[in-house]
1. Given the pairs LYS168/LYS225; LYS225/LYS288; LYS112/LYS156; LYS168/LYS288, which span a C-alpha to C-alpha distance of over 25 angstrom in this model?
2. Quick check: the distance between the Cα centres of the stretch 104-136 and the stretch 139-168, to the nearest angstrom?
3. Starting from 0.36 nm per residue, how many nanometres of slack lie between LYS276 and GLN205 once their C-alpha separation is accounted for?
4. Using θ = phi - 60° and the Karplus curve 6.51 cos²θ - 1.76 cosθ + 1.60, what whole-Hz ³J(HN,Hα) does each residue of the stretch 38-45 get, with Gly and Pro shown as x?
5. Mind putting a number on the dipole of the stretch 159-259 about its Cα centre? Charges go on the C-beta only, +1 for Lys and Arg and -1 for Asp and Glu, and I need it in Debye to the nearest 20.
6. What residue among ALA166, TYR203, VAL93 has its Cα farthest toward the positive end of the dipole of the stretch 89-208, where the charges are +1 on Lys, Arg and -1 on Asp, Glu, each on the Cβ?
7. Where nothing but the Cβ of Lys and Arg (+1) and of Asp and Glu (-1) is charged, how large is the charge dipole of the stretch 200-247 around its Cα centre, in debye to the nearest 20?
8. Let me check I have the definition right: for the chain, take the eigenvalues of the Cα gyration tensor, multiply each by 5, take square roots. What are those semi-axes in whole Å, largest first?
Amino acid sequence: MDWSHLPTFLAVARCGRLTRAAMTLRSDHTTISRRITSLESALQTRLFDRSPSGYSLTEQGARLLTIAEKMETMASFAADTVGGGATELEGIVRIAGPEGFESYFLVPRLSKLSDAYPGLTVQLLAGAHNYSLSKRDADIVITLRPPTEGRLITRKLVDYDLGLFASKAYIAEHGPIADRLAVGNHRFIGYIGDLIQMPELDYLQHVTTSVAPRLESSNLLVQVKAVLAGAGLCVLPAFIGRCEPELVPVLAEEIRLTRSYWMVYHADHKDLARIKVASRFIADAVRKERELFRLPKVHA
């Protein structure tokens, strides 16, 4: 067996298609197909079932996947401990998380990580999706709920508040909102109901059931822009409200929700230097600014 074909096998197993695997490996699909065929021939077994919808692992392929992932981890560990990474950290760390956390909290602080480790490349996947650590969609995932399955390292980062926010211009035009009953008289901005992927994002039902959003988006940053433009009221994380001077909390004492951020990475990667450095950086940054995640006790 040609060991150099294993990265190709891993890419096809994770992507499910030759063209996607080729893009990942910066190769072409004919080369990828030839390597998979060569690997199957050497092992004298079929690793994938081919169909118009893509490549899916056979039982033997699934067995090889477990072994190949362990070999991949050990190769990375070898590079970290005896290669160039032993003295100067190099490589890629892919961090996935909600777009609000990454855009408003993580990105403004990443320059410190880059300054400390110039050889480290950070890739960000933004969005409240279900990223697979076992399939290597990401190295570190920031999520709203702790996983219950898999060989994973899970660490709670912080509890964070959410509140109802409006722009200063909106309050100036419509007047102060005196109580919770008055909230129902205003326009709302929120998520598209049937596209909410996590129940933790279904905020509006906890604020009011008397109105439906007049503007909906599956993207939190779009919602933030809409609030800033005066399109209505919106439930937002406290740290976003604190970062936007034009936003003010509405009935902060009465309308306050709490959610949590969790950091997760694969147990097989806990000793990889790039994972250790990046996860420690995120945890330390959150710990130093925990107050940023709390809702200020101010009425609009």
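Since every read-out is calculated from the coordinates, none of them should be taken as a lab result. As the structure is a prediction and not an experimental result, all values here were calculated from the model. Cβ atoms come from the backbone with ideal geometry, glycine included; neighbour counts cover every protein chain shown.
1. LYS225/LYS288; LYS168/LYS288
2. Distance between centres, Cα-based: 15 Å.
3. Full extension of this stretch gives 21.7 nm more.
4. Running phi through 6.51 cos²θ - 1.76 cosθ + 1.60 with θ = phi - 60° gives 5, 5, 5, 5, 5, 8, 6, 7 Hz.
5. 200
6. VAL93
7. With Lys and Arg at +1 and Asp and Glu at -1, about 120 debye.
8. 44, 23, 15
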